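Accompanying notes for the structure given below.
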Amino acid sequence: MYKLIAIDLDGTLLNSYGEVTENTKKTLKKIISSGTKIVIASGRPIDSIKTITKEIGSNEYFIAGNGAIVYDVKKEEVIYEKYMSKQKVLEIMKQCDKNSINYNLYTDKTILAKSLKYNVLYYYKENLKKEENKKTNINIVQDMYEYVKNMKEEKFLKITICDENRSVFNSIMKKIKNINGIEALEVLHMSRKIIKQGTEDVPIEYFYTEISSADVDKWNAIQYLMEKLNIEKQEIIAIGDNINDKKMIQNAGLGIVMEGSTPEVINIANDIAPSNNEEGVAKILQKYYKNINF
């Protein structure tokens, strides 16, 4: 009997339009009613995840910032945290500015960006479909370095570096790897998302990495919940699609990846679900919860 299911969002639970289908919501709510805890484990900040947890009926805990935060939904408070230091954040930003490469900074409450590009544009378009109190908070700042330098708030989750040019992206990655005390994800493929422009589907494609403190990982956050909830790893299902999901897929009792995931996580998975655009999470869970009438 599985007691906890950790599910990634982008590329996993959410389809390319950033939505959870009605069938998937229904499936997850029935599993929660059966006694299994469902925990979102995402790289997104807190407010961006809250909306989705409500949609699927997950009202206990979720993991934000790729494992930097565990959030207690009922108490509305952070119960586990591992933030980046301001010193490291400024060091990375300086390298990005020097090389004229796009980056975004995620705090526990907002996404700071110089412009609406790449993943931030996707979140902005996603916001247009949401009620005001459910939107991802995006703050456009022209001089990011000075803004962050003068910030009193220092709860930094991660930095995302994005560029559509592979050679430009690879160049900055080599420099970032020389910075100690951080973890830069080795994402080998382009991110591909879709936004609506009128009646047309417009793809957003870019190379990216996510940088966090060296000791931040979704699995570490899950281990915190395991101890808190007295759950063993063999009682956990982890579902994801990318490098930031690798450790949780590798260590969970049942590690599941989505069809089309990066090869590095496909090679360690116990099972492969249909893609995120084919309601893969719902279909794979229905396979393992045959005792529930879906």
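Of note:
- The sole residue among Ile195, Ile237, Ile204 that is over 28 Å from Lys155 (Cα atoms), part of a strand (DSSP E or B) and assigned by TED's automatic domain parsing to the domain that holds Val70 is Ile237.
- Per-region count, segment 1-41, residues without any contact (Cβ under 8 Å) to a residue 60 or more places away in the chain, of a type in the set (D, E, K, R) and in a loop (DSSP other than H, G, I, E, B): 1
- Of the residues Glu235, Glu264, the single one that is in contact (Cβ under 8 Å) with a residue 24 or more places away in the chain, of a type in the set (Asp, Glu) and under 27 Å from Asn102 (Cβ atoms) is Glu264.
- Checked against the criterion of being within 16 Å of Ala282 (Cα to Cα) and out of contact with any helix residue (DSSP H, G or I) (no Cβ under 8 Å at 6 or more places or on another chain), the candidates Glu55, Glu22 yield just one match: Glu22.
- The residues of segment 275-289 that are of a type in the set (Ser, Thr, Tyr) and either on the phi > 0 side of the Ramachandran plot or part of a helix (DSSP H, G or I) (or both) amount to a single one, Tyr288.
- Only a single item in (1) on the phi > 0 side of the Ramachandran plot; (2) in the same structural domain as Ala282 (by TED's automatic domain parsing); (3) at pLDDT below 95 is not met by Ser100, and it is number (2).
- Check on Glu183, assigned to a strand (DSSP E or B) and touching a Gly at 6+ places or on another chain (Cβ under 7 Å): no
- Breaking point among (1) of a type in the set (A, V, I, L, M); (2) within 20 Å of Asp217 (Cβ to Cβ); (3) not assigned by TED's automatic domain parsing to the domain that holds Ile40, for Val120: (2)
- Residues in segment 163-180 that are touching a residue at least 40 places away in the same chain (Cβ under 8 Å) and not in a loop (DSSP other than H, G, I, E, B): Asp163, Arg166, Val168, Phe169, Ser171, Ile172, Lys175, Ile176.
- Residues of segment 1-26 that are among the hydroxyl-bearing types (Ser, Thr, Tyr), over 14 Å from the mean Cα position of the chain (by Cα) and buried (at least 22 other Cβ atoms within 10 Å of the Cβ): Thr24 alone.
- Where Ile204 falls short, out of the listed (1) closer than 29 Å to Ser171 by Cα; (2) in contact with an Asp or Glu (Cβ under 9 Å, 6 or more places away or on another chain): (2)
- Conditions (1) in contact (Cβ under 8 Å) with a residue 24 or more places away in the chain; (2) assigned to a loop (DSSP other than H, G, I, E, B); (3) touching a Ser or Thr at 6+ places or on another chain (Cβ under 8 Å); (4) farther than 29 Å from Asn165 by Cα; number of the one not met by Arg44: (4)
- Scanning segment 47-65 for residues that are in contact (Cβ under 8 Å) with a residue 24 or more places away in the chain and either part of a loop (DSSP other than H, G, I, E, B) or touching a strand residue (DSSP E or B) at 6+ places or on another chain (Cβ under 7 Å) (or both) gives Ile49, Ile52, Ile56, Gly57, Ser58, Tyr61, Ile63, Ala64, Gly65.
- When restricted to residues that are polar (S, T, N, Q) and touching a Ser or Thr at 6+ places or on another chain (Cβ under 9 Å), segment 53-106 contains 6.
The values are calculated or read from the model by the stated rules, or taken from the named source; none is laboratory data. As the structure is a prediction and not an experimental result, all values here were calculated from the model. Counting neighbours? That spans all protein chains shown, and the Cβs are built from the backbone with ideal geometry, glycine included.
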